[in-house]
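The values are calculated or read from the model by the stated rules, or taken from the named source; none is laboratory data. Given the structure is predicted, the values throughout are model-derived calculations rather than measurements. Methodologically, a virtual Cβ is constructed for each residue, glycine included, from the backbone with ideal geometry; neighbour enumeration extends over all protein chains shown. What goes into the accessible areas is simple: the full protein's heavy atoms, side chains included, and nothing from ligands, DNA or RNA. Shrake-Rupley method; radii C 1.70, N 1.55, O 1.52, S 1.80 Å.
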Amino acid sequence: MRLTCLKAVALGSVSVLVGCSQPAVEVAPESLAFPVVLVTGIGGNGKMPCRADVVHARDHLSRMRLSLYSELSDRSLSGPPIVVDASAQIFEMHNIVGERGGLWMMANPNGMMPIRFSLIRRKDGGISPVRDLLAGCRFPGRVADDDTLTRRRNDIRKATAMAGIIAILDE
């Protein structure tokens, strides 16, 4: 009996040391439940504020303002954008690639760039982590006065469903 317990402890210790990390789960953008919330300006050196905006249609997620694309494609400025879908699943947006070249970008500095990307599911999905993420954004929703931003953050912290959070961000 004692030997069996020691083996179990040893095996448990080895599995902790080795780790049981699972590979990242890539998800097709088509599987997202819309509307989604696009969160940009995660981490980085602070040049870009954390912003959360509602994206209502699938094709709108695959188009990005050129100024935003330029900042997000430079990983020294920001971490990967985050997409939160209507079912409170959280994804990181990786491998963002614009479908236009430099000449098009120079001719259309304010244009919308068609993009391709991959989505990696994060383990921390659910309403509680979503509330924390979105209430912590500097700009939750469209730009508004300080009182409105404070009220939005408080309302997000109290929300019990993604539909409520999306309504708060989209007001």
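What are the ³J(HN,Hα) values, in whole Hz, obtained from phi via the Karplus relation 6.51 cos²θ - 1.76 cosθ + 1.60 with θ = phi - 60°, for each residue of the stretch 25-39 in sequence order, with x given for Gly and Pro?
Karplus-based 3J(HN,Hα) across the stretch 25-39 equals 9, 8, 10, 6, x, 5, 7, 5, 8, 9, x, 10, 10, 9, 10 Hz.
Once you have the alpha carbon radius of gyration of the stretch 110-170, what is it after dividing by 2.2 N^0.38 Å, with N set to its residue count?
Compactness ratio reported: 1.32.
For the stretch 81-171, run through the trypsin sites (Lys or Arg not before Pro) and keep only the ones in DSSP coil with at most 10 other Cβ atoms within 10 Å of their Cβ.
Lys123
Name the GluC sites (Glu not before Pro) in the stretch 63-140 that are in a loop by DSSP and that have at most 12 other C-beta atoms within 10 Å, would you?
Glu99
Averaged per residue, what accessible area in Å² does the stretch 52-145 show with a 1.4 Å probe, protein chains only?
Per residue, the stretch 52-145 has 50 Å² of solvent-accessible surface.
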